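The values are calculated or read from the model by the stated rules, or taken from the named source; none is laboratory data. Since this is a predicted model, take the numbers as computed values, not measurements. Glycine also receives a Cβ, built like all others from the backbone with ideal geometry; neighbour counts cover every protein chain displayed.
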Amino acid sequence: MACRSNVPAIAEFTLRHRDPEFRKRLREWGKGIIVAGENYGQGSSREHAALAPLDLGVQAVVAKSFARIHRRNLVAQGIVALMFDDSYDYDKAEVGQTWEFPKLREELDNGSETISARIEDSGDELTLRHDFSEHERQILIAGGLLSYLREREPVAT
């Protein structure tokens, strides 16, 4: 609670029990993704659970499934919440890999129900899915809810 209004301080606790080096790696790399199992974000209904990874440079979370409210908070922050189409693809993920989403913006913009990904290190091609509404796709393309709203703000005359 003492850090509630200090997102960078909260970010220092992100995944510390699961992966103690996570924050250090993200700070070095400048950006990254989280690969997660079932019901990612369970118990994390506060916005801080999405703000902290955003502060670290997380651009996407690929999971087997998401807790509903947390998924919505990720989208609001502009973090793409994707699910494995084939749950066995989860086992292909390793720390330090480079994942590419070569057509992400195009696939979101075109309303595709799947997103293509490639693990550069192994060459594995993955099909990911999502359940974004048209509105959520527009929010993600804009870079998050605040950017989306800013773009649509009427100009005062």
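Of (1) at pLDDT below 90; (2) surrounded by 14 or more Cβ atoms within 10 Å (Cβ to Cβ); (3) of a type outside the set (Ser, Thr, Tyr); (4) out of contact with any Cys (no Cβ under 9 Å at 6 or more places or on another chain), Pro8 satisfies all except one. Which? Among (1) at pLDDT below 90; (2) surrounded by 14 or more Cβ atoms within 10 Å (Cβ to Cβ); (3) of a type outside the set (Ser, Thr, Tyr); (4) out of contact with any Cys (no Cβ under 9 Å at 6 or more places or on another chain), Pro8 violates only (2). State which residue is surrounded by the most Cβ atoms within 10 Å (Cβ to Cβ) when the search covers only segment 105-148 and only residues that are closer than 20 Å to Ile34 by Cβ and of a type in the set (Val, Ile, Thr). Result: Ile115. Residues in segment 13-35: is at least one part of a loop (DSSP other than H, G, I, E, B), surrounded by fewer than 14 Cβ atoms within 10 Å (Cβ to Cβ) and either among the small types (Gly, Ala, Ser) or touching a strand residue (DSSP E or B) at 6+ places or on another chain (Cβ under 7 Å) (or both)? Yes.
Matching residues to (1) modelled with pLDDT of 95 or more; (2) of a type in the set (Gly, Ala, Ser); (3) closer than 14 Å to Asp85 by Cβ:
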{"residue": "Ile119", "(1), (2), (3)": "yes, no, no"}
{"residue": "Leu128", "(1), (2), (3)": "yes, no, yes"}
{"residue": "His135", "(1), (2), (3)": "yes, no, no"}
{"residue": "Glu153", "(1), (2), (3)": "no, no, no"}
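Of all the criteria given as (1) outside any loop (DSSP other than H, G, I, E, B); (2) touching a residue at least 12 places away in the same chain (Cβ under 8 Å); (3) among the acidic types (Asp, Glu), the one not satisfied by Glu107 is (2).
Tell me which residues, restricted to segment 36-62, are among the hydrophobic types (A, V, I, L, M, F, W, C) and under 23 Å from Ala142 (Cα atoms). Once the filter is applied, which keeps residues that are among the hydrophobic types (A, V, I, L, M, F, W, C) and under 23 Å from Ala142 (Cα atoms), segment 36-62 yields Ala49, Ala50, Leu51, Ala52, Leu54, Leu56, Val58, Ala60, Val61, Val62. When Thr14 is tested against (1) touching a Lys or Arg at 6+ places or on another chain (Cβ under 7 Å); (2) at pLDDT 90 or above, just one condition goes unmet, and that condition is (2). Within segment 73-93, which residues are free of Cβ contacts under 8 Å to residues at least 24 places away in the same chain and of a type outside the set (Asp, Glu)? Passing the criteria: Ser87, Tyr88. Hey, among Val58, Val35, Val75, which residue is within 18 Å of Leu104 (Cβ to Cβ), at pLDDT 90 or above and either among the aromatic types (Phe, Trp, Tyr) or in contact with a Ser or Thr (Cβ under 9 Å, 6 or more places away or on another chain) (or both)? Result of the check over Val58, Val35, Val75: Val58. From the list Ala81, Ala50, the one residue that fits, being buried (at least 23 other Cβ atoms within 10 Å of the Cβ) and at pLDDT below 95, is Ala50.
Out of all the residues in segment 86-104, is one or more in contact with a Gly (Cβ under 6 Å, 6 or more places away or on another chain), over 18 Å from Glu38 (Cα atoms) and not basic (Lys, Arg)? The answer is no, given that none of the residues of segment 86-104 is in contact with a Gly (Cβ under 6 Å, 6 or more places away or on another chain), over 18 Å from Glu38 (Cα atoms) and not basic (Lys, Arg). For segment 54-102, residues that are of a type outside the set (D, E, K, R) and either more than 24 Å from Ala11 (Cα to Cα) or part of a strand (DSSP E or B) (or both) total 18. Selection of first residues in segment 137-157 that are closer than 17 Å to Glu47 by Cα and of a type outside the set (Ser, Thr, Tyr) and of second residues that are modelled with pLDDT under 90 and part of a helix (DSSP H, G or I), restricted to Cβ pairs under 8 Å at least 6 apart or on distinct chains, gives an empty result.
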